[in-house]
Every structure is written in C-alpha cells, then in structure tokens.
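**Q** Have a look at this one before I ask anything.
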Ligand code: F6R
C-alpha cells in the first residue's frame, strides 16, 4: 500500500532509490517517483505506471553525484494514477518534498485552510496537502516543523521528508504505517520494508507510532512527539539480499511456491521436540490455547483462509470451538466475545490495517492475543501478547503462497499440540500426526517436482472466464484459497463451493465444458464427493480431480487426475492448496498476466 524509501550517504542516490523501490513494488505499482536534494534545489522525477517507466525516464536524463533523496511506489487511494498524483509531492516553493504511505484523513479540511491562505495545489492527493502544510510551517527548524505537522495531520502516515536547505538530511515520521531505518556505514536509509535496504545493510530499527527521526549519513536520532530523543533497539534481518531476488525463476511467485518444502520445515521443525509440538521456544505455553473455551481467529484474505483450515483441525481433533472472522467485518460489528476466548491473529505482513485494528479491539476487551506473523518486529508482532513467527523469508509476489502454507501448517501444529495437551490423542494418533508433519513437505516436493502434469488442466482453465472449485470439510477450506489464487492472478472468475451446497442453486451455472476443480482428499467424505462430482459431470463439467489414495471411483469419471502422495488426511488439504497455487500460476502465465503484480492489488494493505 505504497512503498517509501529514502537514502543519505556517499553513493549516487537515484540508482539506490530505484533499486530499493524495485523491492517495494509489491506495495503498489500505479506510479513511481524520486526526489533528489541537489545544489539547485529539490528535483522531482515521477511517472505514472510501473517502476520501469520511471527507470527508463531516468536513464534518459542521468542524475549523478546527488547523494540524498526519497523514492515512492504508489497504490492510488486519493486521486487516479497519473504523473501529477504520483509522489514525491512538494510544497509550492519547492522547499520541501515528501513521500507518504497511508491516508491523511483530515486532508480536505487542511486543504481548504491552505487554499484560503492562497496555496495552489497541483494534484488531487492527500499527500500534497501534507507537503504544502509542512512547507507552510517551515521556519528553518525541520524537526520542530515535523512535530507541529504531526499534530495537525489526522489519519495514518509513514512520511519521508526532504528540506531543500538541509542537503544531507532526511526526516521521517510514523503513525500507524510501517517504517524502518536501515543502518549502514556512512549511509543510512528509511524504508517501508526490509528488503528495500538488504542489499546495503541487514541492521535496522523499527520506528514506533509517534516517532520522528533525523537521519544523516553518520547519525540517526529518533524523537518522540515531545522532541525527546528515544532509543529503539537495533535489529538484524534474518534474510540476506538473495532472498529478495528471483534466483533464476521466471516470477517471484514461482520461486516462492518452490520454497515451500523448505519454509514448511522452517516453521514446523523448531517447534517439534521429543516427538510432540512444543512452543516454549516462542514463549507460548500451549495451555493458553488448550484451556480456551473458544478460539477466535481474525485475519484478511488468504490468512483468513488459512484460519478456515485451522478451524477444521481445532474442532475435529482438539474439540475446541473456533470462529474464523474477516477482520474488516469483525472490527465494526460489536461482536459478542464469550469469557475464556483466546484470539489468534494471522498476518504475513504484520501490518494489515483491519487485522491490526481487530487486534487492538481484542486487547481492549481483555482477550489474550496470539499472533502468527511472517515479518519480524512488524506492528502486529509487537502488539500481540504472544507471537509465533513463520520464518518464511520475504514474500515479494503479491499473491501469497509460501506464507499461506506456513500459516496453515502452524495452525495444524497448534491444533495437534492442543489436542495432545487435552489428553485427546492416543500415542498412535500422536505418532501418526507427527509423522504427517514430516511428510507434508515431502508431499509438496512431489507436487512441485511433477508440476508438468498440471499443465493440461491449467491450459484448459486459461481459456474460460468462469471456473468452479468444490470440496468438503477441510477441502472446502482449501478451495477458498485455491479459488482466490486463480481469480487474483489470472482474472478468471471462480467460485469455491461446498460440494454439497452446489445443488442448492449454483449448479445452474455448470454447462458443457465448465471447469470444475474437485478437491477430494478427505476419505470420510469420499462417497459424498463422488456423488457431487457425478452431479457436475452429468451437466457437462470438465473435472480436474485432486485426490488422495483410494479414490478410484472418482478418478474413473474425472477428466484430469492429480493424485497426492499418501499422507494422513489431516495434512492433505494443505498440500492440495499447493496444487491449486501452481494451477493458478500456469493458467495466469498462459493468459499472459503479470503474475507477480496483478492489477489493482497490493500486498500490504495498510489502509482500511
Ligand atoms: C492473497 C493475499 C491477501 C492477503 C491479505 C492479508 O494472495 O495475499 O489476501 O492474505 O491481504 O495480508 P496479511 O497476511 O499481510 O495480513
């Protein structure tokens, strides 16, 4: 949801900024721009469209020797994508330039005031209002000016600010949107996310709400809104720069799908000790979850779908009732929360605005919150009572794959841990499940190694505008994610339907050749699924069956068959999602879609 970067040091700033923006494009790609603080004042270069448009523009007018600047990649909120609405924005006298991630909620009111004082605006954005305001307030004291602006600006922001008369300095301010400061040797950075600076440094600090900072090549000072200097701990990134590169794959999404055997082991293995789930390394006593009267999982999008898979496991093997809620609904509907409830908050980025708001609401109501997060030290990770990290490395493709699989696998491990703590598992059952955790990555390896077999089905799906996914129980949870993957990257409309529900209306949409992806991995409902597949087959559907072992009856009347390795049922639905990720990927590539950056989307949704 917009990515910002800033640099001050000894290198040419323009290539550093463009390189950094290339790692932030997942946050928005409606336009890109940079501002450089030159001896002749602040110079802004900005272009509607992908970062490559800006890079081509800069190549035609190289700007060498300037070592301080700001960059921005935009996901449009206020004002359509255009050159004029692109960031950086400047004050009318060009004394100030800013880049912004977030929404200035009182921008209309501020704009009217500034217009009343004769300020003319060049864009429709809320951000320009902040730029004009800061320039208007500027009295030669940058930090005091930023502090005054901080009080006047409503809403959320991560801001990078240049003052034309402060040639080496960058300023930053943060409220409700992420901002880190990368710490180098004789150079320092600001960025929305760590991958943007990894090429230069692994050391960074995370700004907190209310923080402002003055950054020079040699020094970083963080202040609170009273302008008192504050200390923030220095963190070291666990990833290296290669983790944020494609590494020879055609797309980040393909690379990230192929990382899944490794990332599954990374999330599971450290939490398995003496043949049982063990979360003591995370500082979490499983009794918190196993003693809960009810679990409440709140998340958005794919993270919520991972929660649906988790619900199946928590209820079926641990006997703990669980509600799964969309954060954007949950936070506004005054939900009834019963005593003894424990909340699970899931977020890859750890910054999703609705999920964060739900977390805060739960904490206000005294509900203990366990967060499952990928990005270390993100806001959700910092604010939750307990955090379990995914350790999946940076996920750059906008459509999540490896983080989803890690979230879903970690929920299974928590469910098995809770079932064990409640004394519900026989030694043989526990052993079977623990073996399942070792087999899940092996099953995923097999899916990836034999991905060619998905091609015929993916090519057929690529030709249509509508597709259906059907499944039951955990497979129903799995298809919600399969369907989302197909829609978001290939732009093929699809529906995920509980297989038994189709005949209550939607089966009327199945006609000759309609692709139906039937996921049937749960042996307890094999016969029911067989009937449902027959029902769609009888209406002319072209059926791709993703199944476990012993599904011969269903296989006999399906058009394409994707058999998964024989692993316990509890794990098969998770594995089936990887098949659907790959099918969506192939279908999108076949249609010529921009897989890593689907239209209108952004990875980190930091606005509501
Ligand atoms: C879809 C996708 C999104 C995210 C959702 C939540 O592929 O990635 O649906 O799952 O925006 O994001 P996080 O997990 O960062 O809170």
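The values are calculated or read from the model by the stated rules, or taken from the named source; none is laboratory data. Given the structure is predicted, the values throughout are model-derived calculations rather than measurements. Because the Cβ atoms are built from the backbone with ideal geometry, glycine has one as well, and the counts that use them run over all protein chains shown.
**Q** Test residue 126 against the stated conditions and say whether it is at positive phi, touching a residue at least 12 places away in the same chain (Cβ under 8 Å) and surrounded by 16 or more Cβ atoms within 10 Å (Cβ to Cβ). Even if it seems obvious, please write down each step before you answer.
**A** On the way: at positive phi: no; touching a residue at least 12 places away in the same chain (Cβ under 8 Å): yes; surrounded by 16 or more Cβ atoms within 10 Å (Cβ to Cβ): yes.
Here the answer is no, as residue 126 does not meet what is asked.
**Q** Now for a different question. For the stretch 108-132, which positions are in a helix (DSSP H, G or I) and in contact with a strand residue (DSSP E or B) (Cβ under 9 Å, 6 or more places away or on another chain)?
**A** Those that are in a helix (DSSP H, G or I) and in contact with a strand residue (DSSP E or B) (Cβ under 9 Å, 6 or more places away or on another chain): 110, 126, 127, 128, 129, 130, 131, 132.
**Q** Exactly one condition in (1) modelled with pLDDT of 95 or more; (2) under 18 Å from residue 179 (Cβ atoms); (3) crowded, with 16+ Cβ neighbours inside 10 Å is false for residue 237; which is it?
**A** (1)
**Q** Residue 71 - would you say it is buried (at least 18 other Cβ atoms within 10 Å of the Cβ), over 25 Å from residue 197 (Cβ atoms) and in the same structural domain as residue 180 (by TED's automatic domain parsing)?
**A** It is false that residue 71 is buried (at least 18 other Cβ atoms within 10 Å of the Cβ), over 25 Å from residue 197 (Cβ atoms) and in the same structural domain as residue 180 (by TED's automatic domain parsing).
**Q** Can I ask one more? Please count how many residues of the stretch 357-409 are more than 13 Å from the ligand (Cβ to nearest atom), in contact with a strand residue (DSSP E or B) (Cβ under 8 Å, 6 or more places away or on another chain), part of a helix (DSSP H, G or I) and closer than 18 Å to residue 322 by Cβ.
**A** Here the count works out to 1.
Yes/no matrix, rows are residues, columns are (1) within 16 Å of the ligand (Cβ to nearest atom); (2) touching a helix residue (DSSP H, G or I) at 6+ places or on another chain (Cβ under 7 Å); (3) outside any helix (DSSP H, G or I); (4) touching a residue at least 12 places away in the same chain (Cβ under 8 Å):
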residue: 531; (1), (2), (3), (4): no, no, no, no
residue: 544; (1), (2), (3), (4): no, yes, yes, yes
residue: 558; (1), (2), (3), (4): no, yes, yes, yes
residue: 570; (1), (2), (3), (4): no, yes, no, yes
residue: 573; (1), (2), (3), (4): no, yes, no, yes
residue: 581; (1), (2), (3), (4): yes, yes, no, yes
residue: 585; (1), (2), (3), (4): yes, yes, no, yes
residue: 595; (1), (2), (3), (4): yes, yes, yes, yes
residue: 600; (1), (2), (3), (4): yes, no, yes, no
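**Q** Give the number of residues within the stretch 416-431 that are assigned to a helix (DSSP H, G or I) and surrounded by 14 or more Cβ atoms within 10 Å (Cβ to Cβ).
**A** Qualifying residue count for the region: 8.
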